[in-house]
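Read the structure below first, then the notes.
The values are calculated or read from the model by the stated rules, or taken from the named source; none is laboratory data. As the structure is a computational prediction, the values presented were derived from the model and not from experiment. Note: ideal-geometry Cβ built from the backbone for every residue, glycine included; neighbour counts use all protein chains shown. Note: areas computed on protein heavy atoms with side chains; ligands, DNA, RNA excluded. Shrake-Rupley method; radii C 1.70, N 1.55, O 1.52, S 1.80 Å.
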Amino acid sequence: MFTIVYLVPIGLASSMRMRLLAIGIFLAVLIVGSAIALTGTPSRRIPTSRAEKCVGLTAFGESIAAIVGLIVGFVTGNWWPFGVLLLGSVALHFISLAVAFFRRADYIAIACIFISLTMAIVNPLETLWDSWAIAGALAAASTAMYVIVIGRSLRHSNSSS
C-alpha cells in the first residue's frame, strides 16, 4: 500500500521531465536493488520476540505518522510535515527490519529511505512536489523491493520445509 502512496507525488511533479526522472529512478533502484538483494542465499536469521515487537511497533508508527501528516496537511495546507513524518517513521521501520532480519535488502532500503528523508527535510518548499517525486520514487522502490524479497523468502522457506 505504501508503495502506491510514495508514487503519488510523481503525478504532482511540475513537469514531464521530473515525472520521467522519478519513474526512471524508481525503476533503476527497484531493478538494481532487487538484483543485489536477491543474490546469494536468503537470510536465515530468526528474529527475537523483542525484534518482532519492534518491527510491529514501527509499522504501526508508520500508519500513525501518515494519519497525523494527512490531518496537518489538510487542516493547515502545509504538506511538508507529511513527508517528513512519513519518511522518518519508515526510516525507523527499515532500521528495525535490518536489526530483526539482517538482509541485504534492509541495508539498500535504509540507504534509499535516508536519501528520501534528507530530500524531504532540506529541499525548499517551492520545489516540494518535485523533491517528493524523487524521494517518493526511492521510497516506493524500497518498499516494492521488500515485496519481492519477502516473496522469495517465503518460497524458499516453503520449499525447504
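Data overview
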| read-out | value |
| --- | --- |
| Filter result for the condition that a residue is out of contact with any Pro (no Cβ under 8 Å at 6 or more places or on another chain), touching a residue at least 24 places away in the same chain (Cβ under 8 Å), surrounded by 14 or more Cβ atoms within 10 Å (Cβ to Cβ) and polar (S, T, N, Q), over Ser153, Ser96 | Ser96 |
| Candidate set from segment 56-79 (those that are in contact (Cβ under 8 Å) with a residue 24 or more places away in the chain and crowded, with 18+ Cβ neighbours inside 10 Å); member that is farthest from Met1 (Cα to Cα) | Trp79 |
| Lone qualifier among Ala51, Ala35 - being open to solvent by less than 30 Å² (accessible area, probe 1.4 Å) and either modelled with pLDDT of 90 or more or out of contact with any strand residue (DSSP E or B) (no Cβ under 7 Å at 6 or more places or on another chain) (or both) | Ala51 |
| Segment 115-136 residues that are closer than 15 Å to Met16 by Cα, paired with ones that are in a helix (DSSP H, G or I) and not hydrophobic (A, V, I, L, M, F, W, C) (beta carbon under 7 Å, 6 or more apart) | Trp129/Pro9; Trp132/Pro9; Trp132/Gly83; Ala133/Pro9; Ala133/Arg19 |
